[in-house]
Amino acid sequence: MEYFAPQGSDFCQRVEKSIEEIEARSQAEIVVVVARRSDSYQAIRQRWFFLLSLLLLCLLYFPLGYYPALIISLGLGSLLWYLSNFPQLGRYLIPQTQREVAVLRAARLAFFSEAVSSTKGRCAILFFFSRWERRLEIVPDVGVEGQISNSLWNELEAKINSLPDLAAQEEAFQKMLADLAETLAQRYPLPAGTEKQNEIPNAPHFI
């Protein structure tokens, strides 16, 4: 089963419904972006390739000779390079801090590419989830930062990012958005008599 699935899925429908409720009860505009991954981590994967190849070459040089050792070491190094592209292994080879930085950087880029700052009152909030890294970043615009403390977003991120797999994260993400309608209605309410226009499409964007 594919989690955080593309357009037309149950995930998209539930997210859109939650966004509609949030935007009907508060000033906030919600933007959800789901990325396949935030970085290729090419430099780190190259480092592992060279380290493994060099180590194997040194270990196999005396028993096998130079050329057999070279062929085996390059072959196994290439295999590690290929397998490190898959999250099951890649997340063990790539330090957590590097993954966190990559997702944060990708979220900041998405903030501009998705025109999150284009709302009239700078009232949008970006929810950026990267599937390969299994990590959520929440980026509020300046109009929201003046009304709601960043501690709320940090708490929501921590809840999602601490979960063990995509299935649990998808369920928690949908529940988080559903519960957020009440929180934003209290902390960032829509002024009485205000006619609010939907400035950004509610459908999640997959990149």
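Structural remarks
- Hits in region 164-189 (condition: surrounded by fewer than 20 Cβ atoms within 10 Å (Cβ to Cβ), assigned to a helix (DSSP H, G or I) and acidic (Asp, Glu)): Glu171, Asp179, Glu182
- Options Ile125, Ile207; residue that is within 28 Å of Arg45 (Cα to Cα) and not charged (D, E, K, R): Ile207
- Verdict on Glu145 being in the same structural domain as Val32 (by TED's automatic domain parsing), touching a His at 6+ places or on another chain (Cβ under 8 Å) and among the charged types (D, E, K, R): no
- Members of region 69-103 that are farther than 19 Å from Phe49 by Cβ and surrounded by fewer than 16 Cβ atoms within 10 Å (Cβ to Cβ): Gln96, Thr97, Glu100, Val101
- Subset tally (residues that are free of Cβ contacts under 8 Å to residues at least 24 places away in the same chain and part of a loop (DSSP other than H, G, I, E, B)) for region 135-154: 2
- Here Arg37 meets the list (1) closer than 30 Å to Ser117 by Cα; (2) assigned to a helix (DSSP H, G or I) almost entirely, failing just condition (2).
- Helices (runs of 4 or more DSSP H) within region 56-134 that include 1 or more residues assigned by TED's automatic domain parsing to the domain that holds Val144, within 30 Å of Ala28 (Cα to Cα) and touching a residue at least 24 places away in the same chain (Cβ under 8 Å): 96-113
- Residue in region 69-79 that is of a type in the set (A, V, I, L, M), under 28 Å from the mean Cα position of the chain (by Cα), modelled with pLDDT of 80 or more and within 24 Å of Arg131 (Cα to Cα) present: no
The values are calculated or read from the model by the stated rules, or taken from the named source; none is laboratory data. Since the structure is predicted, the reported quantities are computational estimates derived from the model, not experimental observations. Reconstructed Cβ throughout: ideal geometry from the backbone, glycine too, with neighbour counts over all protein chains shown.
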